[in-house]
2 protein chains.
Amino acid sequence: MAENNSNFMSGVPELLILRLVREKEMYGYELVQAIRERSKEAIALGEGVIYPVLHALERDGALSSSRKTVNGRSRVYYALTAAGAKRLDDLAGNWSRLTDAIQSILVSGAQHA
Amino acid sequence: MAENNSNFMSGVPELLILRLVREKEMYGYELVQAIRERSKEAIALGEGVIYPVLHALERDGALSSSRKTVNGRSRVYYALTAAGAKRLDDLAGNWSRLTDAIQSILVSGAQHA
DNA sequence: GCATAATGCCTAGCGCTGCAAGGTATGGCA
DNA sequence: TGCCATACCTTGCAGCGCTAGGCATTATGC
């Protein structure tokens, strides 16, 4: 039930969101732009990606939300929970191991041990 | 038609295969084990991933195949074509840019420019 | 001599993820 | 009065990776 059997390359949007929210609470629209800007346009995740992930993370208890009105604008701010911090650590570790593995193949080519 | 609009995280199996075959021609079963061993078990792509990708790459002219019999075993060896080399460069470049972008978000957190 | 594993190839079909494309509502601006 | 930006949301699909099979041959173990 709670097990997550996704494919080996997935979960990056989730990772990015958790990492950004770790520093300060953010809202969906803000995350969309933050990811685009801070990746220098290399990654452009739309709202159709971000919002569903935010909802799933909140449902799993990794994020908590609070509705706030700023400048007459209603926003849903998301903050990292303790469970979310743990999940972030796990995802970041997996990502690191994965990219290291890929890099080791890319740089060394095919000369076997 | 020829355009490839896949999602931003896909194409890694393809990249790994092209990179390995660049050094020496290899066959499917060999690639499955090579990826597993050279990634120290971090990546374990099954034959159900490798073979379809090999067929697609050959269909696209990125790989050429030749049937050979070694030790009474029939094997299909794949070699990189010029088009395949170009495709490899493209994929490697994209992967590099992508991981750099992700890394820049992961390490610096949320302090904006 | 017989079964089991390892080698080597292949495919059908499913689950999931990222994504495009829509919809709603408010505020600022010309 | 319209238009763009802000801010939220969902439906539905495409494509990828993967599971789970199947087939044939050669080594290995008993």
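The values are calculated or read from the model by the stated rules, or taken from the named source; none is laboratory data. Owing to the predicted nature of the structure, the values given are computational and were not obtained by experimental measurement. In this analysis, Cβ positions are derived from the backbone assuming ideal geometry, glycine residues included, and neighbour counts consider all displayed protein chains. Remember, those area values only see protein heavy atoms, side chains included, never the ligands or the DNA or RNA. Shrake-Rupley method; radii C 1.70, N 1.55, O 1.52, S 1.80 Å.
With a cap of 12 neighbouring Cβ atoms within 10 Å, and only residues DSSP puts in a loop, list the GluC sites (Glu not before Pro) found in region B:1-79. Working shown, then result.
Numbers: sites: B:Glu3, B:Glu14, B:Glu23, B:Glu25, B:Glu30, B:Glu37, B:Glu41, B:Glu47, B:Glu58; in loops: B:Glu3, B:Glu25, B:Glu41.
Here the GluC sites (Glu not before Pro) that fit, given the DSSP loop and packing criteria, are B:Glu3, B:Glu41.
Quickly work out the B:Ala79-to-A:Arg75 label distance, labels modelled 7 Å from Cα along the C-beta direction, and quote it in nm with one decimal.
Once both label points are built, they end up 6.0 nm from each other.
By how many degrees, between 0 and 90 and to the nearest 10, does the Cα long axis of helix A:47-59 differ from the longest principal axis of chain A?
Orientation of helix A:47-59: about 80 degrees from the principal axis.
Under 15 Å from a label point 7 Å along Cα→Cβ of B:Ser96: give me every residue in region A:94-109 with its amide N that close.
So the set is A:103-109.
Which entries in the list A:Lys40/A:Lys68; A:Lys40/B:Lys24; B:Lys24/B:Lys68; B:Lys40/B:Lys68 go over 25 Å, if you measure between the two C-alpha atoms of each?
A:Lys40/A:Lys68; A:Lys40/B:Lys24; B:Lys40/B:Lys68
Taking the simple approach of a point 7 Å from Cα along Cα-to-Cβ for both B:Glu23 and B:Glu41, what is their distance in nm?
Inter-label distance under the simple model: 2.2 nm.
In whole percent, how big is the carbon plus sulfur part of the accessible area of the protein assembly as shown, probe 1.4 Å, protein atoms only?
On the way: 6360 of 13050 Å².
The computed percentage sits at 49.
Cα axis of helix B:28-38 to longest principal axis of chain B: angle in degrees, 0 to 90, nearest 10?
The two axes meet at around 40 degrees.
If exposed trypsin sites (Lys or Arg not before Pro) are those in a DSSP loop with at most 16 other Cβ within 10 Å, what is the longest stretch of chain A that has none?
A:41-113
In degrees from 0 to 90, rounded to the nearest 10, what is the angle of the helix A:82-108 Cα long axis to the longest principal axis of chain A?
30 degrees
Give me the accessible area buried between chains B and A, both sides summed, with a 1.4 Å probe, in Å² rounded to the nearest 100.
On the way: alone 7910 and 7910 Å², together 13050 Å².
Buried area (both sides, nearest 100 Å²): 2800 Å².
Tell me the Kirkwood hydrodynamic radius of the protein assembly as shown in angstroms, computed as one over the mean inverse distance between distinct C-alpha pairs. Could you put the intermediate results ahead of the total?
Working: mean 1/r = 0.0510 Å⁻¹.
Computed over Cα pairs of the protein assembly as shown, the Kirkwood hydrodynamic radius comes out at 19.6 Å.
Name the most mobile residue of B:Leu16, B:Leu80, B:Leu98, meaning the one with the largest mean-square fluctuation, in a Gaussian network model of chain B with Cα contacts below 10 Å.
Result: B:Leu98 has the largest fluctuation of those listed.
Taking the simple approach of a point 7 Å from Cα along Cα-to-Cβ for both B:Phe8 and B:His55, what is their distance in nm?
With each label placed 7 Å out from Cα toward Cβ, I get 3.2 nm.
Based on DSSP H runs of at least 4 residues, each adding -39500 (n - 2.57), what is the mean residue ellipticity at 222 nm of the protein assembly as shown after dividing by all its residues, to the nearest 500 deg cm²/dmol?
-18500 deg cm²/dmol
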